[in-house]
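The values are calculated or read from the model by the stated rules, or taken from the named source; none is laboratory data. In this text, all values refer to a predicted model and were calculated from it rather than measured experimentally. In this analysis, Cβ positions are derived from the backbone assuming ideal geometry, glycine residues included, and neighbour counts consider all displayed protein chains.
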Amino acid sequence: MSIQTMSTKTMSTQTMKAVCQYAVGGPEVLRYERDVPRPTLKPGEVLVHVRAIGLNPPDWYLREGYRALPPAWQPELRFPLILGSDISGVIAAVADDVEAYAVGDEVYAMVRFPEGMYGESRAYAEYVSVPAREIARKPASLDHRHAAGAPMSLLTAWQFLIEQGHDVPNPLQTFPHQPVPLEGKRVLINGAAGGVGHFALQLAKNAGAHVTAVASGRHEALLERLGADAFIDYTVTSPEDEIRDLDLVVDAVGGKPAARFLPLLKPGGALFPIYPLGFDGAEEAQRRGVTVSATQVRSSGAQLEPLAALLDEGAIRVVLDSVYPLSAAREAHERAAKGHIQGKIVLTVE
């Protein structure tokens, strides 16, 4: 197979900067290295010279060995690992069977997810090989930092709320996930200032919903600028004490506590926990006539393409919490561990 701009043999002998880990653990296991072999392209792939990388919860789940998963689901990891899935950068090479993209194109992507969630995505690096079907042209109005902050979180919000875009079953439920009509509906977003939450708020508002945002008080001004119709500061008052008769709750925090939102919903309403593991309110949901549904976000260049247009139009904004150089990935993970993230944490490649 020929590769535009460089041969496979040359690529295999070149090195790059990347963040590697050789054991599971805290942020201290992340090691910045300068002589990691560059990836070799396969048919259907492009090589992206990465300019920025978006951080996501699966990054720290993998760093810790996915210890929150049931034991039967926990992976056998192969070290060294390179974390990450979200990138924005410039195409440096393309396989000869790729016609839709060329060297020099600016693109963004969520790489090999969930198939690569155990370390095959390898995005904390200067160069990443990406299946061409998973990339899209970067929004022209966004710099690489903001573009890298979008893919996983925005695709998650889109696939939960607007268009799932695939028919892969969720192993945690027996029925397919279906987004619900949003126009004129009363929607609550819990964790509205976070990565998925701030996109879910904007998508719901753009679709015509009345949106109540739940977050700590320091996020109120931002969430109002993003379109929230109402705001609940959970550090002062509980949503359970403030609101009822909702059509949809999107719990961007998820887990076992998501069941507390069931009494807030109308019969026929829906609860979408973004992180469904640990949810134990199925019987109560059935008794109340509420649908509880989740989906697994999946890579999709076909969806990132129209989302790029929405980002260019300003219909969706990417909020950045903080930006670190790739060499400071450990510090970026330490920031994530402190919680209360406003938008996205991003790494830049020096």
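Observations on the model:
- Checking 118, 101 one by one, the residue that is in a loop (DSSP other than H, G, I, E, B), under 19 Å from residue 299 (Cβ atoms) and touching a Phe, Trp or Tyr at 6+ places or on another chain (Cβ under 8 Å) is 118 and no other.
- Search result, residues across region 43-101 that are closer than 22 Å to residue 26 by Cβ and among the β-branched types (Val, Ile, Thr): 53, 82
- Being closer than 22 Å to residue 252 by Cα, of a type in the set (Gly, Ala, Ser) and in contact with a helix residue (DSSP H, G or I) (Cβ under 7 Å, 6 or more places away or on another chain) is a condition met by at least one residue of region 153-162.
- Of all residues in region 233-271 being free of Cβ contacts under 8 Å to residues at least 24 places away in the same chain, among the charged types (D, E, K, R) and assigned to a loop (DSSP other than H, G, I, E, B), the one that is nearest to residue 214 (Cα to Cα): 242
- Among the residues of region 272-295, the one identified as among the hydrophobic types (A, V, I, L, M, F, W, C), in a strand (DSSP E or B) and either modelled with pLDDT under 95 or within 22 Å of residue 56 (Cβ to Cβ) (or both) is 272.
- When residue 310 is tested against (1) over 21 Å from residue 336 (Cβ atoms); (2) surrounded by 14 or more Cβ atoms within 10 Å (Cβ to Cβ); (3) over 18 Å from the mean Cα position of the chain (by Cα); (4) not small (Gly, Ala, Ser), exactly one condition is not met: (3).
- Of the residues in region 311-328, none is among the hydroxyl-bearing types (Ser, Thr, Tyr), touching a residue at least 24 places away in the same chain (Cβ under 8 Å) and part of a loop (DSSP other than H, G, I, E, B).
- The one condition from (1) more than 22 Å from residue 153 (Cβ to Cβ); (2) not assigned by TED's automatic domain parsing to the domain that holds residue 142 that residue 327 does not meet is (2).
- Within region 179-205, residues that are on the phi > 0 side of the Ramachandran plot have Cβ atoms under 6 Å from residues that are in a helix (DSSP H, G or I) in these pairs: 191/197, counting only partners at least 6 apart in sequence or on another chain.
- Of the residues making up region 321-334, those that are closer than 29 Å to residue 205 by Cα and surrounded by fewer than 18 Cβ atoms within 10 Å (Cβ to Cβ) are 322, 323.
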